[in-house]
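Following: one structure in structure tokens, then a few remarks.
The values are calculated or read from the model by the stated rules, or taken from the named source; none is laboratory data. It should be emphasised that the depicted structure is a prediction, and the values quoted were computed from it without experimental measurement. Here Cβ is always computed from backbone atoms with ideal geometry, including for glycine, and neighbour counts include all displayed protein chains.
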Ligand code: IFM
């Protein structure tokens, strides 16, 4: 496909006072199983690595776990009703592997599959397109006990699981994402250890990244063989990356972090090769002997869409942090690079708000890789919310969405094929190592009563969807 020929489908209608998105733009919101479902021990579900991790003292803030979360497993009808009120065109959710295949291999747990059938049927009844993610970090514990993602066999187990879920739900779901943010599964799970399973081994983290990608490729091949008409993709969390200054050490630090955050996934998946500079940077940690002949062909199995999750930018300096040397790190081989802030406004996660970074990421992917339809599969922000008179006013979250949607529009006007946007998140939920202390939702959850209150950002988003665009500024 010739990129230069891509029509500029986003139009700014002078005089209409609106910044319109292309017709058919897929407006959605996203969640993930362990973050919202609860019902951790019923209907045959068994523990995942996140159940084990969150029940290990000291791993999750406040000792929180996903045991109950938003109790979405029992309240999914009410939640789909709220989605319909928002006018969502699509809902991105993930399937809990340990709910549908509790041991990570072998037969299916029909009760688990039935839950997702009920959920999908409810969505379809409301005219909401289901968008299914197979893996959002909840590896069945028995697979971790057998070696987890650093073990090659886990890739094969994942492809079997994908086939099983696709076989059960492929008659009603068309959009299939294999992995959500393999960077987090590999480098936070096996590098810094701040995510489950909490391993701190640089070489393991790189092996995990490879086997996650291999599992992705095998899964796409297996599912596509059954239903070539479906859309298959993967979701990567990509960052804009900049050097703090234009000094040679800072520029090199930015190259390294871009390599480990972005290109270590983009290049194998979209180009069928590892970036050579990243391979060289990794030499002190691993020689990548786990990469076998033919793996990269599998990993580069063509995609129907690429999901991009965007939150912020990394600004880095190569002047080493004196105290960082021996800390477990999610940057294998580049452990001493310093992450700096620029004094921009930050969200409750401490992440700088940088909407231009989203334009940069989108244009970069479109310029440097073969063209593929892009969906923003997550974008959003955590802020502290107050409930006042049964209402939640969240102007900062609303402004974050607004700025990033303008960024999407700008990218589209430059010819980037952005086809949809999923707000993170539909509702407040279990924010991993931060427990329930961070709120990303457009719908407020009272975790004591399970009362749902749509925030002002939700009402605003409903209006954006209704008009398929934003008011001009
Ligand atoms: O909550 C997470 C989600 O599970 C994956 N992407 C980032 C979100 C915010 O940290």
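In the list 406, 397, which residue meets the criterion of being surrounded by fewer than 21 Cβ atoms within 10 Å (Cβ to Cβ) and assigned to a helix (DSSP H, G or I)?
Of the residues listed, the single one that is surrounded by fewer than 21 Cβ atoms within 10 Å (Cβ to Cβ) and assigned to a helix (DSSP H, G or I) is 406.
If residue 416 passes every condition in (1) buried (at least 23 other Cβ atoms within 10 Å of the Cβ); (2) outside any loop (DSSP other than H, G, I, E, B); (3) more than 16 Å from the ligand (Cβ to nearest atom) but one, which one does it miss?
Tallying (1) buried (at least 23 other Cβ atoms within 10 Å of the Cβ); (2) outside any loop (DSSP other than H, G, I, E, B); (3) more than 16 Å from the ligand (Cβ to nearest atom), residue 416 fails exactly one: (2).
Going by what's in this entry, would residue 277 be described as touching a helix residue (DSSP H, G or I) at 6+ places or on another chain (Cβ under 9 Å), surrounded by fewer than 18 Cβ atoms within 10 Å (Cβ to Cβ) and not in a loop (DSSP other than H, G, I, E, B)?
yes
Please list, ordered by first then second residue, the pairs with beta carbon atoms under 8 Å, 6 or more apart or interchain, first in segment 292-316 and free of Cβ contacts under 8 Å to residues at least 12 places away in the same chain and closer than 29 Å to residue 404 by Cβ, second part of a strand (DSSP E or B) and within 15 Å of the ligand (Cβ to nearest atom).
none
When you go through (1) part of a loop (DSSP other than H, G, I, E, B); (2) crowded, with 22+ Cβ neighbours inside 10 Å; (3) touching a strand residue (DSSP E or B) at 6+ places or on another chain (Cβ under 9 Å); (4) touching a residue at least 40 places away in the same chain (Cβ under 8 Å) one by one for residue 332, which number turns out not to apply?
Here residue 332 meets the rest and fails (3).
In a helix (DSSP H, G or I) and within 16 Å of the ligand (Cβ to nearest atom): which single residue out of 188, 134 fits that description?
Among 188, 134, only 188 is in a helix (DSSP H, G or I) and within 16 Å of the ligand (Cβ to nearest atom).
Give just the number: which of (1) away from the ligand (no atom under 12 Å from the Cβ); (2) crowded, with 24+ Cβ neighbours inside 10 Å; (3) under 25 Å from residue 61 (Cα atoms) does residue 428 not satisfy?
(1) is the only condition that residue 428 fails.
Okay, residues lined up against (1) farther than 27 Å from residue 362 by Cβ; (2) modelled with pLDDT of 95 or more:
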| site | (1), (2) |
| --- | --- |
| 239 | no, yes |
| 250 | no, yes |
| 310 | no, yes |
| 325 | yes, no |
| 328 | yes, yes |
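Could you go through segment 147-163 and let me know if any residue there is crowded, with 24+ Cβ neighbours inside 10 Å and either modelled with pLDDT under 95 or within 16 Å of the ligand (Cβ to nearest atom) (or both).
The answer is no; no qualifying residue exists.
When the residues of segment 336-363 are narrowed to those that are in contact (Cβ under 8 Å) with a residue 60 or more places away in the chain and assigned to a loop (DSSP other than H, G, I, E, B), which ends up farthest from the ligand (Cβ to nearest atom)?
Result: 337.
How about segment 364-386: which of its residues are part of a loop (DSSP other than H, G, I, E, B), buried (at least 17 other Cβ atoms within 10 Å of the Cβ) and within 16 Å of the ligand (Cβ to nearest atom)?
Those that are part of a loop (DSSP other than H, G, I, E, B), buried (at least 17 other Cβ atoms within 10 Å of the Cβ) and within 16 Å of the ligand (Cβ to nearest atom): 379, 380, 381, 382, 383, 385.
Given the residues 285, 249, which is the only one that is surrounded by fewer than 21 Cβ atoms within 10 Å (Cβ to Cβ) and closer than 22 Å to residue 188 by Cα?
285
Among the residues that make up segment 140-148, is at least one of them closer than 23 Å to residue 92 by Cα, in contact with a helix residue (DSSP H, G or I) (Cβ under 6 Å, 6 or more places away or on another chain) and in contact (Cβ under 8 Å) with a residue 40 or more places away in the chain?
yes
How many residues are out of contact with any strand residue (DSSP E or B) (no Cβ under 6 Å at 6 or more places or on another chain), assigned to a loop (DSSP other than H, G, I, E, B) and either within 15 Å of the ligand (Cβ to nearest atom) or within 12 Å of residue 387 (Cα to Cα) (or both) when one looks only at segment 443-459?
2
Just for segment 169-185: of the residues that are buried (at least 19 other Cβ atoms within 10 Å of the Cβ) and away from the ligand (no atom under 16 Å from the Cβ), which one is farthest from the chain's Cα centre (by Cα)?
This residue is 169.
Would you check if residue 227 is more than 20 Å from the chain's Cα centre (by Cα) and in contact (Cβ under 8 Å) with a residue 60 or more places away in the chain?
yes
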